[in-house]
Every structure is written in structure tokens, then in C-alpha cells.
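For reference, the structure discussed in these notes is given below.
Every number in this text was worked out from the coordinates using simple rules, so none of it is lab data. Predicted model, so just to flag it, every value in this text is computed and none were measured. A quick note on method: Cβ atoms are made from the backbone with ideal geometry, for glycine too, and the neighbour counts reach across all protein chains shown.
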Amino acid sequence: MSYRIPIGPYHPALEEPYKLELICDGETVVDANLHIGFNFRGIEYLAERRNYLQGITLVERVCGICSNVHSLSFCQSVEQLNGATPPERALYIRVILAELERLHSHFLWAGIAAKLIGFKTIFMACFTLREKVMDALSAISGNRVNYGMNRIGGVNRDIMDPSSVMSILAEMEREITRTIIPIFLEDKTVESRCKGVGILTEEQAIAMGAVGPLARASGVPQDIRKSAPYAAYADLQFEVPVETAGDVRARLVVHALEMLESCKIIRQALTTIPEGPIQATVSSAGKFKVPAGTAISRVEAPRGEVLYQITSNGTDIPERVRVRTPTFMNMATVRFTVIGQELADSPLIQASCDPCYSCTDR
Amino acid sequence: MTTEATSFEVTLQEKGLGSGWAWSNGSWWLTPTEPLDVRTMTEQMRALGARFLCMTATERTDKEIRLDYQWDLDGKLLSFVTATSSNRIATIADLCPAADWVERETHEYFAVEFTGRKHTQPLMTRAGDPIGINLHKEVAK
């Protein structure tokens with residue numbers, strides 16, 4: 001006998017408001033319907049009623065986890081329109097912030113995944129490490145979230161004490177290598193809970209336009225930092241971990257290895273960051289003049305590619321601001337990943353896609 | 001324009017994506033004066049292995065909606081631009097499932113009707129809610 005289980009939009013088991021209807025036959029999920037939009041704030045519409053400076057602050061509120069990528073994408077789009085080229089040092093600082101944010105997001109994800117697996121020791125370890133990343137972000141920007149670092153033509157603050165970030169980095173690398181990677185890759189309990197569970201095939205990932213670690217865990221080697229480098233990524237050496245199994249375990253592996261790559265990128269950026277200014281030198285009269293035109297910018301957020309399209313009509317208020325977030329592309333894949341799976345595995349499968357409904361709904 | 005950029009423009013022509021592609025502000029753009037057949041373009045993009053990224057709707061002064069379809073071809077961003085006719089345009093969601101949510105969202109925000117869809121279930125809004133919520137003129141009322 002089939003029955004329908006409505007979960008959400010407000011439910012103790014959900015971190016964010018969305019609604020999932022699971023149609024089950026016994027303990028097996030046979031279909032699923034996803035309903036979003038419970039966190040819709042009309043940010044695109046609001047951004048078309050604020051000037052470019054206000055827009056930076058607004059779009060940083062799209063997401064509480066990957067706030068930096070939104071202001072970065074917004075600023076990069078405007079910079080293409082008005083030609084305010086950030087200095088080299090600012091580009092490196094943007095990379096460092098982006099990778100610290102990736103670490104913060106991945107630790108959060110790994111902690112929640114560990115909790116759902118039933119491995120609460122790793123949940124605690126991940127959240128302890130996440131606190132250290134947030135300490136580093138706070139030391140650089142003054143804020144734990146919504147860092148306010150990006151500006152049109154550069155960044156607002158310099159990294160005054162790189163050595164303190166280096167020491168945090170060393171501690172994180174040690175813990176990732178010693179604790180997180182061995183458990184995610186080798187532990188039998190984790191393997192039995194995750195291997196072969198919630199599979200998204202490469203064909204499904206491509207057809208649905210999946211991005212980020214979700215796509216890379218399904219064998220799609222797509223990463224904007226490599227394929228269309230921005231900021232200072234073209235100067236830095238790093239690998240893009242790709243797994244082919246497409247299951248929850250593959251997502252764990254990709255996320256864990258990406259944490260190490262982020263540490264590698266931050267270390268390189270801190271040691272090779274050029275001296276110099278952090279803001280473009282433009283005349284005060286032309287500083288925020290944005291000529292008419294349309295520009296697009298893409299950034300590899302922790303959950304995958306973010307795309308901003310901005311159309312200017314030559315005034316100080318953008319005519320159109322388009323925000324496409326990674327979860328908007330990724331969440332439709334949940335239906336494929338839960339069908340045929342045990343009902344009890346559905347929370348872990350959903351979480352393994354690393355959803356963010358604040359981003360999705362905007 | 002650099003030699004590399006010119007070479008890519010030629011490549012796009014050779015791949016059957018037509019002439020007139022021009023690089024500007026982070027993307028290759030195709031902005032023909034005549035309306036594009038979005039379904040044919042989608043089939044060509046899919047055949048080339050391009051990845052669907054997004055569709056951006058923008059309200060025009062003539063009350064039609066400009067639609068920019070963005071694709072990624074080997075890391076290069078390709079955007080082709082067309083517009084609705086009487087606020088209607090053919091769906092590509094059956095050819096490219098990745099476009100399903102973005103079409104539903106565009107229907108709700110800009111009241112665009114995507115012809116050929118089997119159904120257009122609400123995505124951000126709920127059944128019975130008004131459509132066109134991002135249209136400037138509607139909110140101005």
C-alpha cells in the first residue's frame with residue numbers, strides 16, 4: 001500500500017523551510033515532490049530599486065553561509081561594466097575570503113551529514129573547526145558572517161596579520177587529515193550508511209544542470225575556478241576532486257578533499273600575495289558611474305556555480321539584477337536521488353545535496 | 001578583439017551556432033534582430049555538450065519580455081537573446097530538464113507563458129497567487 005508523507009515546510013527535522021512530499025510503498029520511496037519558495041524575499045526586485053552600493057549590501061544577505069560569493073559576483077559584474085579593475089592584492093584577498101568561506105560551508109555541511117549518519121563525534125569535530133574558520137574570517141573582516149569585504153574595484157580591508165590565518169590553517173589541515181578524511185573515506189559505519197545510497201548518475205546530473213560538489217561527485221568535472229578562472233585563481237595550483245559513484249559517500253569524499261584543496265589555495269595565496277593597493281584608483285567623479293550595458297559574472301560558491309547578470313541603463317540604479325544560485329539547479333535532483341531508497345535514508349540524501357533554501361528562494 | 005577571441009567566434013560558426021557572436025562583458029552574445037527559434041538553439045547547444053546555466057528575463061518598454069538564455073560550452077559563457085511575442089515563447093524544458101524550474105520561476109515573476117509545457121506548477125508562489133510579481137508596472141499599481 002502506498003502512502004504519502006508530507007514533511008515541512010516547518011518541521012523539527014528540517015533546518016530550513018521547504019516542503020517535501022514522499023510517496024512511499026512500505027519503507028521504499030517511490031516518488032517525491034519538492035515545494036520551495038517559503039523564504040522568498042524578492043531580492044532581485046529589491047536590487048533594482050537600490051543603487052549599486054546598496055546593492056552590494058543587499059545581495060550579501062541572499063545567504064547567511066556563502067554571503068561573500070554574492071557580493072563578489074555582484075561586484076565582478078559591475079566591474080566588467082565600468083572597467084574598475086581590482087589591483088592584484090585585492091584579487092588574492094578575494095580568493096582567501098572565498099576559500100575560507102568554502103571551508104566554513106563545507107565544515108557545516110560535513111557536521112550535519114555526520115549527525116544524520118549518526119556519527120555525532122564528527123559533528124562536534126566539524127563544528128569546532130568551523131568555529132576556527134569563523135575566527136579567521138572575523139579577524140580579517142570584523143564579522144563572522146556578512147563580511148562586507150567586497151567593493152566595486154577591490155576589497156574594503158587588507159589582511160593585516162597573515163600569520164594568524166596560517167596558524168589556524170595548519171591546525172585545520174592537521175584535523176582534516178587526521179580525523180575527517182580517514183573517517184569519511186575509510187570508516188565502516190560511514191560506508192554502510194552512505195555507499196550506494198542516493199545515487200545521482202552522471203547523465204542525470206548533466207540533464208538537470210547540477211553544479212558544484214554534487215555534480216563533481218557524479219563524475220562531472222566542472223568547476224568555474226578552473227574552467228573560467230576569476231580573481232587570482234589562474235595563478236594558484238589546486239586540484240578539483242571528482243568522484244564517479246554519485247552516491248552519498250562520493251559527496252562526502254568530494255567535500256572532504258575540497259577542504260584540503262581550500263587549505264592549499266589559502267596557503268599559496270597568503271605566501272604569494274603581492275604588495276600594493278587593495279582598491280582600484282579611479283577618479284571620485286567616475287567611481288560609481290556604470291555605463292549602460294549587460295554583464296555576467298560567475299563564481300564557484302561552496303555549493304557550486306553562482307551566476308549574476310546585471311543590466312545597467314547608465315543610472316546609479318541597475319535596471320536588472322539576476323541571481324542564479326547553485327541550489328536552484330541542484331535541488332530538483334533530489335527526486336532522482338530518493339526514488340527507490342529507504343525512507344529512513346531520505347534526510348541524509350537531501351542533506352548530502354547541501355541545500356540552501358535562503359539562496360534558492362532569494 | 002584578440003586572436004583567441006576571433007578564433008572562438010569562428011569555432012561557434014563552425015559548430016553551427018550561426019554568425020554574429022560577439023564578446024562583451026563576460027559572455028559571448030548572440031543578439032539577432034529577428035526572434036530566435038529557442039528550441040532549435042537548445043537542440044544545437046545540447047548536441048554540442050553545452051550546459052544550460054540560466055535564463056534571465058527583463059521587462060521591455062513595449063511590454064514584451066527580453067529573454068537571455070545562458071549556456072556554458074567548455075568554460076565559455078554563451079548567451080543568446082530573444083524576446084517573447086505577446087508574452088509567449090516556446091518551452092525548452094522538454095529538451096533540457098534543467099530549464100524546468102527557471103521557466104516556472106519566469107512565468108511567476110514576468111507572466112511569460114511557455115507554450116508546449118504539459119503543466120506549469122507554481123514554484124516560488126502558491127496555487128491561486130497572481131503571476132507577474134516582478135513586473136514593475138504591476139507593483140506600481
Theoretical gain in end-to-end length, A:F40 to A:A139 [0.36 nm per residue, Cα-Cα removed] = 32.4 nm
ask   = For A:G154, which sequence-distant residues (separation of 5 or more, or a different chain) have an amide H within less than 5 Å of its own amide H, given hydrogens modelled in the peptide plane?
value = A:A280
query = For segment A:231-255 and segment B:92-113, what is the separation of their Cα centres, given in Å?
reply = 30 Å
query = Based on Cβ point charges of +1 for Lys and Arg and -1 for Asp and Glu, what charge dipole magnitude is obtained for chain B about its Cα centre, in debye rounded to the nearest 20?
reply = 320 debye
inquiry  = Between helix A:248-272 and chain A, what is the angle of the helix's C-alpha long axis to the longest principal axis, kept within 0 to 90° and rounded to the nearest 10?
reply    = 20 degrees
remark   = Counting only backbone N atoms under 13 Å from a point 7 Å out along Cα-to-Cβ of A:R157, the residues of segment A:80-115 in range are A:97
query = Which whole-Hz ³J(HN,Hα) couplings does segment A:24-31 yield from phi under the Karplus relation 6.51 cos²θ - 1.76 cosθ + 1.60, θ = phi - 60°, glycine and proline marked x?
reply = 10, 10, x, 9, 9, 6, 10, 6
key: Integer Hz, Karplus 6.51/-1.76/1.60 couplings in order for segment B:105-111, x for Gly and Pro   = 5, 5, 4, 6, 7, 10, 6
task = Set the Förster radius R0 to 51 Å, insert the Cβ-Cβ distance between A:D187 and B:A127 as r into 1/(1 + (r/R0)^6), and round the FRET efficiency to 0.05.
result = 0.65
remark   = Expressed as a whole number, the average count of other chain Cβ atoms within 10 Å around the Cβ atoms of B:103-114 is 1
query = Given R₀ = 25 Å, FRET efficiency for B:K76-A:T272 by Cβ-Cβ distance, to 0.05?
reply = 0.35
query = If you average 1/r over all unlike Cα pairs in segment A:1-106 and invert the result, what Kirkwood radius do you get in angstrom?
reply = 17.1 Å
key: Estimated distance in nm for a label pair at A:D316 and A:V240, the labels positioned 7 Å out from Cα along Cα-to-Cβ   = 4.0 nm
In sequence order, calculated HN-Hα J values of segment A:115-126 (Karplus, 6.51, -1.76, 1.60; Hz; x Gly/Pro) = 4, 6, 5, x, 10, 6, 4, 6, 4, 5, 4, 5
task = Please go through the residue pairs A:K115/A:K226; A:K264/A:K289; A:K195/A:K226; A:K132/A:K188 and name each one whose alpha carbons sit more than 30 Å apart in this structure.
result = A:K115/A:K226; A:K264/A:K289
query = For the protein assembly as shown, max minus min Cα coordinate along each principal axis, in Å, sorted largest first?
reply = 66, 61, 48
ask   = How far is helix B:3-14 tilted, in degrees, relative to the longest principal axis of the Cα atoms in chain B, given as a value from 0 to 90 rounded to the nearest 10?
value = 70 degrees
query = When the distances between all Cα atoms of segment B:10-117 are binned every 5 Å from zero, what whole-number percent does each bin get?
reply = 2, 12, 24, 27, 19, 12, 4, 0
Average beta carbon contacts from partner chains per residue of A:294-305, 10 Å cutoff = 4
ask   = With each label point set 7 Å from Cα along the Cα-Cβ vector, what nm distance links B:S85 and A:T85?
value = 4.4 nm
note = Helix-only [θ] at 222 nm, the protein assembly as shown, -39500 (n - 2.57) per DSSP H run of 4+, per residue, nearest 500, equals -12500 deg cm²/dmol
message = Can you give me the C-alpha center-to-center distance between segment B:20-53 and segment A:1-76, rounded to a whole angstrom?
response = 29 Å
request  = Return the distance in nm (one decimal) between the two label points of a simple spin-label model at B:H119 and A:E21, each offset 7 Å from Cα along Cα→Cβ.
outcome  = 0.8 nm
